[in-house]
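To start, the structure itself, in structure tokens.
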Amino acid sequence: MDASWQDFVVTFDDQGLANLSSSASQAIQSLSRPRGPRSNITPQQLHDLIWSIDVCPEEGIALSLVLDELGSTVWSNGVAPSDPACVAHLHPPTLIPSVVTELAIAASNQSMDSWDQAPAATEVELHLMNWLARLAGLPAGASGIMTSGGTASNVLALTLARSWIGSTIGVDVLKTGLPENARSWRIVCSDQAHFSVQRAAAQLGLGRDAVVTVATLESGLMSVDALDTTLDQLARDGQRVIAIVATAGTTDLGVIDPLAEIGERAHSIGAWFHVDAAVAGAFLLSDRLKSRLSGIERADSITIDFHKLWWQPFNASALVIRDADQFDLLRVKSNYLDRGDEIEGMINLVGRSLDTSRRFDAAKVVATLRTLGRHSLAQMLEVVVELTQYAGRAIAAEPALRLVAPPASVMCVFEIPGLGADTVRDIQQRLLASGEMVLGRTEIRGQAALKFTFMNPLTTRADVDCLVAMVVREITA
Ligand SMILES: Cc1ncc(COP(=O)(O)O)c(C=O)c1O
């Protein structure tokens, strides 16, 4: 170690900031990597390489060496989300304003649980949540909270829905647990909804079987007729629908459920209406795309992931709710943190969150929004949506491939007619192993399928042609 431990404590004096700055530029240099979505290192080689590192030597080594080592072992063998062939998941390249703000977030280390650990940061998060709620068309009184991801936002939404339903029958579920009749409580969503709905039901003591799925149309949209039939059947069976979840941008096909109709059904039966807009929530930024989310303004709660189509580094998600007073359903006062006797305006956000200590992720989102502005972000979105349309046409024109459904946002899902699931698996795994392409693989209505997810607005049509050609080459191989 070429410096003493005193030199590593982040301080905000000139010396402390100079130490941070020189290390930051070394960390940035360590990110340099060869082109390609990943290296072709085998899982065993990777295991041996990483596990050969002594994670805690008796005496430290120079930070510059540690950063170099991270570069040559981890970053160079990781995935490059900005590579045009990194198309498996909703895994975006990030934006410079957010990445540099990450450094400041870590260095300043505000903790969002209490005002006395994050006075200005609390106001920033509330300001951002207020803006987001307005963008979604929610009324005054709506607000939200940042979470670690879409899964956490969905769990929080359904936790609130469960407490709210309890409160309508005089039961404080978080205090006394589920009432006897909770065995009949049901959550309704489409068969394309994200698995976090099931996970939430499990965590909330309702059980995964409490989630009733509604059939989707060929395009992947929730069928409103099937929803009506399901709701009628549940009512006849004496089951109580506590929440209906619509998805705005399903994970595979990217489709947006008919939000207005679903919201209307939810409210007509006294159920909470949650919109999982983890994927397509960003469409609210675009004058051209936002009408696709029509009806979102009816939601009681909305999940929006900034770490998807807002190009933020993980973690950054938000749950906004129609009536922010309902966060009180979650609040547990504590003697050391959220006492409830603070001066007016000293808000402790722990009362809204399932976390206690929590990162100041709102800062990087605001830095991005302010640096790029709504128009540039909308343009980036429109570029990836248009690129996906192009890819859909390229796949449809390729006889060896069959497009499962017209692309609805940034995903193209396709099958390989005549090939079984094992061969489809081999194709995806071979491309991953060779480091040529990180390709998505999924299953739609029991049929193995491959998936491109376009998250990079710098990807070109020529790149798309290459991706299609690579898949076709693998089929014939
Ligand atoms: C529709 C939808 N909701 C929720 C999630 C979960 O998001 P996260 O991975 O941020 O927990 C995803 C992830 O892809 C998703 O597609």
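The values are calculated or read from the model by the stated rules, or taken from the named source; none is laboratory data. Since the structure is predicted, the reported quantities are computational estimates derived from the model, not experimental observations. Cβ sites come from the backbone with ideal geometry, for glycine too, and all protein chains shown count toward neighbours.
Do the conditions hold for Phe306, that is, is it of a type outside the set (A, V, I, L, M) and within 12 Å of the ligand (Cβ to nearest atom)?
Numbers: of a type outside the set (A, V, I, L, M): yes; within 12 Å of the ligand (Cβ to nearest atom): yes.
Yes: the conditions hold for Phe306.
I need a count of the residues in region 333-370 that are out of contact with any Gly (no Cβ under 8 Å at 6 or more places or on another chain) and in a loop (DSSP other than H, G, I, E, B).
Residues that pass the stated criteria total 23.
Within 16 Å of the ligand (Cβ to nearest atom) and either under 17 Å from Asn130 (Cα atoms) or surrounded by 20 or more Cβ atoms within 10 Å (Cβ to Cβ) (or both) - does that describe any residue in region 330-351? If you could, list the steps in order and put the result at the bottom.
So the first thing to find is which residues in region 330-351 are within 16 Å of the ligand (Cβ to nearest atom), and the list is none.
No, that holds for no residue.
Can you tell me which of (1) assigned to a helix (DSSP H, G or I); (2) more than 14 Å from Ser353 (Cα to Cα); (3) away from the ligand (no atom under 16 Å from the Cβ) is the one Ser98 doesn't meet?
Result: Ser98 fails condition (3) only.
For region 260-270: of the residues being surrounded by fewer than 24 Cβ atoms within 10 Å (Cβ to Cβ) and closer than 22 Å to Leu156 by Cβ, which is nearest to the ligand (Cβ to nearest atom)?
In this case the residue turns out to be Gly263.
Has region 286-294 got any residue that is over 23 Å from Phe327 (Cα atoms) and touching a strand residue (DSSP E or B) at 6+ places or on another chain (Cβ under 8 Å)?
Narrowing region 286-294 to residues over 23 Å from Phe327 (Cα atoms): 286-294.
If we keep only those that are touching a strand residue (DSSP E or B) at 6+ places or on another chain (Cβ under 8 Å) too, we end up with 292-293.
Scanning region 286-294, I find at least one residue that is over 23 Å from Phe327 (Cα atoms) and touching a strand residue (DSSP E or B) at 6+ places or on another chain (Cβ under 8 Å), so the answer is yes.
Going by what's in this entry, would Asp252 be described as in a loop (DSSP other than H, G, I, E, B), at pLDDT 95 or above, surrounded by fewer than 20 Cβ atoms within 10 Å (Cβ to Cβ) and within 16 Å of the ligand (Cβ to nearest atom)?
Values: in a loop (DSSP other than H, G, I, E, B): yes; at pLDDT 95 or above: yes; surrounded by fewer than 20 Cβ atoms within 10 Å (Cβ to Cβ): yes; within 16 Å of the ligand (Cβ to nearest atom): yes.
Answer is yes for this residue.
Starting from residues that are among the aliphatic types (A, V, I, L, M) and surrounded by 17 or more Cβ atoms within 10 Å (Cβ to Cβ), keep the ones in region 147-169 and report whichever is farthest from Pro92 (Cα to Cα).
Let us first name the residues in region 147-169 that are among the aliphatic types (A, V, I, L, M), namely 152, 155-158, 160-161, 165, 169.
From what's left, surrounded by 17 or more Cβ atoms within 10 Å (Cβ to Cβ): 152, 155-158, 160-161, 165.
Numbers: Ala152: 19, Val155: 23, Leu156: 24, Ala157: 25, Leu158: 27, Leu160: 29, Ala161: 31, Ile165: 37 Å.
So the residue we want is Ile165.
So Met222 clears everything in (1) within 16 Å of the ligand (Cβ to nearest atom); (2) in contact with a Gly (Cβ under 8 Å, 6 or more places away or on another chain); (3) not polar (S, T, N, Q) except one condition, right? Which one?
(2)
If Leu234 meets every condition in (1) under 30 Å from Leu381 (Cα atoms); (2) in contact (Cβ under 8 Å) with a residue 24 or more places away in the chain apart from one, which number is that one?
Result: Leu234 passes all but (1).
With the structure loaded, tell me whether Val155 is within 16 Å of the ligand (Cβ to nearest atom), in contact with a Cys (Cβ under 9 Å, 6 or more places away or on another chain) and modelled with pLDDT of 95 or more or whether it fails that test. Before the answer, list the steps.
On the way: within 16 Å of the ligand (Cβ to nearest atom): yes; in contact with a Cys (Cβ under 9 Å, 6 or more places away or on another chain): no; modelled with pLDDT of 95 or more: yes.
In short, no.
In contact with a Ser or Thr (Cβ under 9 Å, 6 or more places away or on another chain) and not assigned by TED's automatic domain parsing to the domain that holds Arg35, is that true of Ala462? Before you say what the answer is, go through the steps one by one.
Numbers: in contact with a Ser or Thr (Cβ under 9 Å, 6 or more places away or on another chain): no; not assigned by TED's automatic domain parsing to the domain that holds Arg35: yes.
Considered against the rule, which asks whether it is in contact with a Ser or Thr (Cβ under 9 Å, 6 or more places away or on another chain) and not assigned by TED's automatic domain parsing to the domain that holds Arg35, Ala462 comes out as no.
Please work out if Leu284 is modelled with pLDDT of 95 or more and in a strand (DSSP E or B).
Working: modelled with pLDDT of 95 or more: yes; in a strand (DSSP E or B): no.
Against the criterion (modelled with pLDDT of 95 or more and in a strand (DSSP E or B)), Leu284 does not qualify.
In region 182-190, is there at least one residue being assigned to a loop (DSSP other than H, G, I, E, B), of a type outside the set (Lys, Arg) and out of contact with any Asp or Glu (no Cβ under 7 Å at 6 or more places or on another chain)?
No, every residue in region 182-190 fails to be assigned to a loop (DSSP other than H, G, I, E, B), of a type outside the set (Lys, Arg) and out of contact with any Asp or Glu (no Cβ under 7 Å at 6 or more places or on another chain).
Looking at region 168-204, which of the residues that are away from the ligand (no atom under 14 Å from the Cβ) and among the basic types (Lys, Arg) is modelled with the lowest pLDDT?
The extreme case among them is Lys175.
Of everything in region 359-406, what is crowded, with 21+ Cβ neighbours inside 10 Å and free of Cβ contacts under 8 Å to residues at least 60 places away in the same chain? Give them in sequence order.
Gly392
Kindly indicate which of Ala80, Ala85, Ala62 is over 29 Å from Met455 (Cα atoms), of a type in the set (Gly, Ala, Ser) and in contact (Cβ under 8 Å) with a residue 24 or more places away in the chain.
Ala62
Scan region 129-146 for residues that are assigned to a helix (DSSP H, G or I) and crowded, with 21+ Cβ neighbours inside 10 Å and jot them down.
Restricting attention to region 129-146, the residues satisfying the condition of being assigned to a helix (DSSP H, G or I) are 129-135.
The answer is Met129, Leu132, Ala133.
Say we look at region 275-303 and pick out the residues that are of a type in the set (D, E, K, R) and within 15 Å of the ligand (Cβ to nearest atom); which of these is surrounded by the fewest Cβ atoms within 10 Å (Cβ to Cβ)?
Taking region 275-303 and keeping what is of a type in the set (D, E, K, R), we get 276, 287-288, 290, 292, 297-298, 300.
Imposing the further condition that a residue be within 15 Å of the ligand (Cβ to nearest atom) reduces the set to 276, 292.
Working: Asp276: 30, Arg292: 20.
Step by step, filter region 275-303, then rank; the result is Arg292.
May I ask you to list the residues in region 295-309 that are under 22 Å from Phe327 (Cβ atoms) and either among the aliphatic types (A, V, I, L, M) or without any contact (Cβ under 8 Å) to a residue 24 or more places away in the chain (or both)? First the steps, then the outcome.
Initial filter on region 295-309 (under 22 Å from Phe327 (Cβ atoms)): 296-306.
Of everything in region 295-309, those that are under 22 Å from Phe327 (Cβ atoms) and either among the aliphatic types (A, V, I, L, M) or without any contact (Cβ under 8 Å) to a residue 24 or more places away in the chain (or both) turn out to be Ile296, Ala299, Ile302, Ile304.
If I ask for residues that are part of a strand (DSSP E or B) and either within 13 Å of the ligand (Cβ to nearest atom) or not assigned by TED's automatic domain parsing to the domain that holds Ile244 (or both), which ones from region 309-327 would you list?
Quick first cut of region 309-327, residues part of a strand (DSSP E or B) only: 317-321.
Matches in region 309-327: Ser317, Ala318, Leu319.
Here's a check for you: in region 233-249, which residue that is small (Gly, Ala, Ser) and either crowded, with 17+ Cβ neighbours inside 10 Å or within 15 Å of the ligand (Cβ to nearest atom) (or both) is farthest from Trp185 (Cα to Cα)?
At the first step, the residues of region 233-249 found to be small (Gly, Ala, Ser) are 235, 238, 243, 246, 248-249.
Filter once more, keeping what is either crowded, with 17+ Cβ neighbours inside 10 Å or within 15 Å of the ligand (Cβ to nearest atom) (or both): 243, 246, 248-249.
Numbers: Ala243: 9, Ala246: 18, Ala248: 24, Gly249: 26 Å.
Applying the filter and picking the extreme gives Gly249.
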